[in-house]
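First the structure, in the form of C-alpha cells, and then the observations on it.
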Amino acid sequence: MKTIGDAYMVVGGLPMPQPDHAHRVMAMALEMLRVNKTFHRGEGRPFSLRIGINTGPVVAGGIGIKKFSYDLWGMR
C-alpha cells in the first residue's frame, strides 16, 4: 500500500502471484465501502470514498540519489 496525495494505491498479487488477485482486491474494496458507512464526521456527515480498480502488469524500482524512493508503475 502506498499513499499518493490523499489516496492509497494497493497492489494485489505481489510479491507472491495469486491467481485470484483481482477478486481479492474487489473483496477488499467492497469491505472498505461497507466499513466506511460506519464512520461519520463530527457534524454527522458521512465520509466519502471513491475506489478505482485496474488490472495489468506493473514494474517497480528505486528512484532517486539523495532521497531514495521505491515506486510502482502500471505498464499500459
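Angle of helix 21-36 to the longest C-alpha principal axis of the chain, folded into 0 to 90 degrees and rounded to 10: 30°.
Could you give the length gained on full extension between LYS37 and ILE65, defined as 0.36 nm per residue of separation minus the Cα-Cα distance, in nm? Each step should come with its number before you reach the end.
On the way: separation 28, 0.36 × 28 = 10.08 nm, distance 4.27 nm.
Difference between extended and current length: 5.8 nm.
In the chain, the DSSP-assigned H stretches of four residues or longer account for a calculated mean residue ellipticity at 222 nm of -7000 deg cm²/dmol, using -39500 (n - 2.57) per stretch and the full residue count as denominator.
Binning the C-alpha pair distances of the chain at 10 Å intervals from 0 yields a P(r) profile of 14, 40, 28, 15, 2 %, listed from the shortest bin outward. Between MET16 and LEU72, the distance separating the two model label sites (each 7 Å from Cα on the Cα→Cβ line) works out to 1.6 nm. Under the criterion of Cα pairs below 8 Å and six or more residues apart, the relative contact order for the chain equals 16 percent. Could you check the spin-label model distance between VAL58 and MET9? Points 7 Å from the Cα along Cα→Cβ, value in nm. The two pseudo-label positions are separated by 0.7 nm.
No lab work stands behind these numbers, since they all come straight from the coordinates. This one's a predicted model, so the numbers in the text were calculated from it and none came from an experiment. Neighbour counts run over all protein chains shown; Cβ positions are idealised from the backbone, glycine included.
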